Amino acid sequence: MDPHQASITLPYHYPADYRVAKMTDIKPTTTCTNTEVHSSNVRFMRSSSSSLQTLNSLPADRIVVLFTPAIPSSDGLEDPFECLGRSLSKWHSRVRHVPFVTRVGLTDLHAAWIRKAGAVVVVNCDPALLVDTKTINNMPFQTKFATQVADTLHSIPGDSQTPLCSVYISTSIAPPTDTHGYDNVVVCSSYSAANMEKAASMLMC
């Protein structure tokens with residue numbers, strides 16, 4: 001096995017299939033906090049009505065692929081973006097959560113998931129908010145990965161209608177510098193459970 005792929009899949013037990021039927025069996029993540037959502041905390045920077053309609057009517061057998069920065073587990077904390085996967089799974093029965101190592105970028109594993117996807121959601125998060133704030137999680141590498149995902153998806157013949165969404169998380173809610181190729185861009189002030197629920201509902205309902 002490619003060592004880059006191993007470093008992505010083994011420590012986090014991914015990819016993991018979140019289904020509504022299994023929600024009660026999943027232990028709540030300790031990194032998600034239930035706080036009130038204010039409209040300014042979660043908003044669309046860009047949206048496409050046709051893309052959202054395609055996403056909302058996605059057949060049950062199609063996969064929503066969620067790419068998030070890989071965060072090493074420490075002190076018993078779960079992946080901070082697991083709550084987003086859980087939230088998306090309330091709206092669609094097949095959500096596959098696949099992390100990416102920012103310094104490594106897009107691998108053959110990610111490309112394979114993109115080819116299987118009925119829709120793709122990519123998370124970029126301000127490193128200051130992450131459990132592990134080392135330089136491997138800095139924003140330039142995250143945005144590069146997001147660009148690689150868009151380029152890969154749009155290079156697949158006949159896949160121009162696959163919804164491509166970005167969830168950008170920053171305390172300043174500053175817009176991403178480059179969202180080329182993304183139909184829908186949601187910006188959030190944090191990855192609290194309330195904000196992740198709101199972002200998922202904006203994309204999926």
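Going from the residue with the fewest nearby Cβ atoms within 10 Å to the one with the most, H110, H97 rank H110, H97. Computed from label points 7 Å out along Cα-Cβ, the spacing between D108 and H154 is 2.6 nm. Full extension of the segment from K90 to L129, taken as 0.36 nm per residue of separation minus the current Cα-Cα distance, would add 11.5 nm.
Every number in this text was worked out from the coordinates using simple rules, so none of it is lab data. Note that this is a predicted model, so its numbers are computed, not measured. Cβ sites come from the backbone with ideal geometry, for glycine too, and all protein chains shown count toward neighbours.
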